[in-house]
Amino acid sequence: MSEKGEVDLTGAKQNTGVWLVKVPKYLSQQWAKASGRGEVGKLRIGKNQGKAEVAFTLNEDLTMIDSLGDKPSGVQAPRDHPFTMQTVGGQTLAVFTETQSGKEQSDGSTSVSGAGPGESPQISLEGLVVQRAECRPAVSESYMKLKRLQIEELSKPLRLSQQLEKAVTTNYKPVANHSYNLEYDRKKKDEGKRARADKQQVLDMLFSAFEKHQYYNIKDLVDITKQPVSYLKEILRDIGIYNVKGTHKNTWELKPEYRHYQGGEEEKETDD
C-alpha cells in the first residue's frame with residue numbers, strides 16, 4: 001500500500017461483506033484465460049438441514065488444461081468444486097484494492113490508466129471478510145487424471161542426459177586438450193630429445209657465456225648449451241651461485257674463484 005494518499009472507505013460505510021475463498025492453482029490459471037471474455041462459471045448457494053451448501057461449476061470451455069510441462073496435456077480440469085465453509089475465527093480481515101488513477105465513465109464503470117508524475121495510487125476498501133471458505137475439486141475421473149499428470153511432472157528430473165546426433169557448433173564445445181597442456185608436452189618432448197654432452201664441453205660453453213655477461217637466468221643458459229635443465233643445474237651448482245634476492249634475483253653467476261670477467265667488468269658491477 002502507498003504511504004501517501006487517502007483511503008476510500010465507501011465499502012466500510014456500506015457495510016459490504018466479502019468472502020475470502022482459497023482456490024486450487026490450476027483453477028485460478030483457467031480463470032485467467034477468460035479475462036475480459038465473460039463469466040468463468042456458476043456459483044450455487046443452498047441449504048441442507050439448516051447448513052449452507054456452496055458449490056462452483058467451471059464453464060465447460062475453460063476445462064481444457066493446455067500443458068503442465070513442455071507438451072500438451074490432453075487433460076481436462078474438473079468442473080464441480082464444492083466449498084468447505086470456515087469461520088472467520090474472531091479475526092478482522094479486510095479487502096483493499098489499489099488502482100493507479102480512476103476515471104468514472106458515463107455508464108458507471110471505471111477506466112484505469114497509469115498515474116502521472118506526482119500522482120499517488122488510489123486505495124479503496126472493498127469490504128470486511130464475513131466468511132472464509134476453501135474451494136476443493138470433487139473427486140472424479142478428470143480430477144484423478146489431472147493429479148496423476150501433476151505428480152508425473154513433479155517427479156521428472158531437472159537434468160537429463162541426451163545423446164547428440166551431431167556436434168554442437170553454436171555453444172561452447174569441450175576440447176580434447178588445452179593449449180597450455182600441449183605447450184607443456186612440447187617442451188617436455190624437446191627436453192627429452194636433448195642429449196647430455198660431456199661435462200667439460202658444457203663447462204666450456206658456460207665459462208664462455210659468463211665471459212660476456214655476469215648474470216644469466218636458467219632459460220638463457222638452456223638455450224646456449226642445449227642441455228636438459230636438470231643436468232645443467234647439476235653442473236651450475238659446482239661452479240655457480242643462484243641469487244634468490246636482490247637486483248639480480250632468480251639468476252646464476254659464477255662463484256668468485258671461477259670469475260674472470262673482461263676489462264674490469266666485475267669491478268664495475270660491484271661498484272654499482
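The values are calculated or read from the model by the stated rules, or taken from the named source; none is laboratory data. This structure is a prediction, so every number in the text was calculated from the model and none was measured. Here the Cβ is made from the backbone with ideal geometry for all residues, glycine too, and neighbour counts use every protein chain on show. Each accessible area value is taken on the protein alone, full model and side chains, heavy atoms only, with ligands, DNA and RNA left out. Shrake-Rupley method; radii C 1.70, N 1.55, O 1.52, S 1.80 Å.
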Gain upon complete extension [Lys199, Ser28; 0.36 nm per residue less C-alpha separation]: 52.7 nm
Residue-normalised accessible area of the range 12-56, given per residue in Å² at a 1.4 Å probe: 78 Å²
Accessible-area order (highest first, 1.4 angstrom probe) of the listed residues Thr84, Thr169: Thr169, Thr84
Nitroxide proxy distance, nm - points 7 Å out along Cα→Cβ at Ala94 and Leu182: 7.3 nm
Accessible surface of the range 196-258 [probe 1.4 Å, protein heavy atoms]: carbon and sulfur percent: 49 percent
Accessible area of the range 196-258 divided out per residue, in Å², using a probe of 1.4 angstrom: 59 Å²
Directionally averaged shadow of the range 196-258, computed from the convex hull of its alpha-carbon atoms, nm²: 4.0 nm²
Theoretical FRET efficiency, 1/(1+(r/R0)^6), r = Cβ-Cβ of Leu128 and Arg159, R0 45 Å, to 0.05: 0.35
